[in-house]
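Input: a single structure, listed below in structure tokens.
The numbers here are math on the coordinates, done by the rules we state, and not lab data. Everything numeric here is computed off the predicted structure, so don't read it as measured data. Cβ sites come from the backbone with ideal geometry, for glycine too, and all protein chains shown count toward neighbours.
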Amino acid sequence: MHLSDDTPVQTPTQAGDRHAEFTKFMRTYQNMVYSTAARLSGNDAQAEDIAQEVFLRAHKRFDELRDNPRAAGWLKTVATNLTFTHLTRYRKRWVFFSQLQGAEDSDDEPAIDFAAEESVVENVREDERHEYVEAALRELPEHQRVPLVLYHFEEMPYEDIAQRLKVSLAKVKTDIHRARAALAAILARRGITAEQLEA
């Protein structure tokens, strides 16, 4: 979608109407934008800051976004990119942990085809904004949470995740597999089953 930075001059009445329309637009998409940032960052305060920045950018381009059927996709992409920018700034801890994984980072490893149970995550997707599921996702370490969210919530292929995170395909699959198990364990400790997530 081509979005220009040119904003036409408006009269006070037009500006007031535009403000009301943008407020409605923001309310329509704010949960989606916030949830995208919160799942990837694992931090509510950071997600709020990122969501605010997304809508500041959207406001500048609102004339092109307001009636555009691809507006939601644009907002989600901006939220994802801004969150990655934030994570990259604070990635030292993640890089250090990843280096401890040694062999898993080797690019010549064969792809691992896990037969891991995916029902928990699939059920999470059906009720993805449920409070305890969001809280459980935040408990996962970053190197597990990020690929899990990208794969199951953003529906990004393994190969794209590996390229985006600059790690091997085998590591992406390993981290997602471990994240599923960790997520299920966190939910189980709270007495939450996959069946309850479907309710």
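How much length would be gained if the chain were fully extended between residue 88 and residue 49, taking 0.36 nm per residue of separation minus their Cα-Cα distance, in nm to one decimal?
12.5 nm
Peptides 63-75, 149-161: what's the order by average Cβ count within 10 Å, highest mean first?
Put in order of decreasing packing, that is 149-161, 63-75.
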